[in-house]
Amino acid sequence: MERVRLYREHKYLTTVLFDACTEFGKADLRNQAEQVGLMDKITGVRSLLESHGNYEETRIHTRLAARGSEAHRLADGEHERDLKALDSILEKIKHCGDSLSHAHQVYLEFRKFVAEVLLHLDYEETVMLPKLQELYSDDELRLIDKESYEQMDAGQMIDMLQVLFPSLNADDKEFFIDELHHAAPGFLKRNDSTQDS
């Protein structure tokens, strides 16, 4: 039987990182508008990674620690490292001026950053997830996201699905729909008063 597989949202994170790397590669940092646009995009990546890291540390890493596992320790340090790296990259973008060689060096630094984040995501999925599956039942693993879903209203759930779904395959989409249905059973039911006569 297939076990509950967390971290499916990593596909969305990967899409965001690749998109930002592509935009960085195309940007002419001598152009003020392009520089500002790129900084906005990277600031968005930073915000996403910060909230994602906080979620993992409070919802997932604490559960590993509660059962005596140290598997999350490396990932904790990497979350902080990633935020500091992005702060440094943002500062360097501001000071590129007219130097194409400096801009290219900062691009290479960002591309390396993306590679390091991908390795981090891989660690979570290939080391931490199997440890979670070893220590917790599927029902217990479902509780991790259920706590968040129960705090969301229908509009927030729809927004989440619209953001995630373009990066997901059919199995992942079905998983999220099923999880939302179990967390908020009324979410997927049509109200009889809204049905056409």
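We did not get these values from a lab; they are worked out from the coordinates using the rules stated. It should be emphasised that the depicted structure is a prediction, and the values quoted were computed from it without experimental measurement. Neighbour counts are summed over all protein chains in view; Cβ atoms, including those assigned to glycine, are modelled from backbone coordinates with ideal geometry.
Dipole orientation for the chain: of the candidates Gln32, Ala65, Ser148, Gln32 has the Cα lying most toward the positive pole (charges on Cβ; Lys, Arg +1; Asp, Glu -1).
If you take the Cα centroid of the range 40-66 and the Cα centroid of the range 10-38, the two points sit 21 Å apart. Each Lys and Arg adds +1 at its Cβ and each Asp and Glu adds -1 at its Cβ; summed about the Cα centre, the chain shows a dipole of about 420 debye.
Once you reduce the range 118-149 and the range 152-176 to the center of their Cα atoms, the two points are 18 Å from each other. Adding -39500 (n - 2.57) for every DSSP H run of four residues or longer, then dividing by how many residues the chain holds, sets the calculated 222 nm ellipticity at -22500 deg cm²/dmol. Using Cβ point charges alone (K and R +1, D and E -1), the dipole size of the range 4-114 about the Cα centre works out to roughly 380 debye. Counting Lys and Arg as +1 and Asp and Glu as -1 over every other residue whose Cβ lies under 12 Å from the Cβ of Glu57, the net charge comes to -3. Contact order for the range 10-137, expressed relative to its length and based on alpha carbon pairs under 8 Å spaced 6+ residues apart, stands at 34 percent.
Under 10 °C and 1.306 mPa s, how fast does the range 10-137 diffuse according to Stokes-Einstein, given a Kirkwood radius computed over C-alpha pairs? Answer in µm²/s, whole number. Walk me through the numbers on the way to the answer.
On the way: Rh = 15.7 Å.
It comes out at roughly 101 µm²/s.
The local environment of Arg73, defined by Cβ-Cβ distances under 15 Å, has a net charge of -3 under the rule Lys, Arg +1 and Asp, Glu -1. Let me have the relative contact order for the range 23-89, percent, based on Cα pairs under 8 Å that are six or more residues apart. Relative contact order for the range 23-89 comes out at 27 percent. Taking other residues whose beta carbon is less than 11 angstrom from the beta carbon of Ala183, and scoring Lys, Arg as +1 and Asp, Glu as -1, yields -3.
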